[in-house]
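Each value in this text was obtained by applying a stated rule to the coordinates, not by laboratory testing. These numbers come from a predicted model, not from an experiment. Neighbour counts are summed over all protein chains in view; Cβ atoms, including those assigned to glycine, are modelled from backbone coordinates with ideal geometry.
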Amino acid sequence: MEVTTLEDVYKLHMNDLYHYLLQLSKHPQTAEDLVQDTFIKAYEHLESYRGEKVRPWLFRVAYNSFIDWYRREKKHIPTDPLTLSSYNIQTGVSPETEYLAREKLDTWLNVINTLPDKSRQIILLRDYYRFTYEEIAQILCLSLANVKVTLFRARQKVKEVLKDEL
């Protein structure tokens, strides 16, 4: 699909942004509002777009929209593993395979929910959304070294907790 207009960008990235913002806000209505706010801000701040990849730039705008909303709300909102797990299960597989995949994802999400916010954000962006280290650093305004170290420590903590559960 050739992306030439803001509408094309919206159609291409709206679902990923919605799921990301749903993970952050834990409320579907809020996530929808934040997606809308993201695209409004993206349109208003097109001059800050420097020709980099659109997807990481939009996720950065979305993250900043969430931070603005979060500061206004002034309350902690954890990631909801039950909501998230329903979005990433493959279709067309046996019920047993689907159940095991969902159980594995739920367990992983429960573990990452125990991590500090920065660690949780980094591991979600890397291991769930498959962003590069550089893109994560750009989205969260962190150094590349900070992203790598935090991701390494977060993965170690997840492995440690999952090992104890088995």
By residue number, the members of the range 9-67 that are touching an Asp or Glu at 6+ places or on another chain (Cβ under 6 Å), surrounded by fewer than 22 Cβ atoms within 10 Å (Cβ to Cβ) and in a helix (DSSP H, G or I) are Pro56
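Each row is one residue, and each column tells you yes or no for (1) over 16 Å from Gln121 (Cα atoms); (2) within 14 Å of the chain's Cα centre (by Cα).
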site	(1), (2)
Leu6	yes, no
Leu34	yes, yes
Arg50	yes, no
Leu58	no, yes
Val61	no, yes
Only residues that are basic (Lys, Arg) and not in a loop (DSSP other than H, G, I, E, B): list them for the range 119-144, please.
Arg120, Arg126
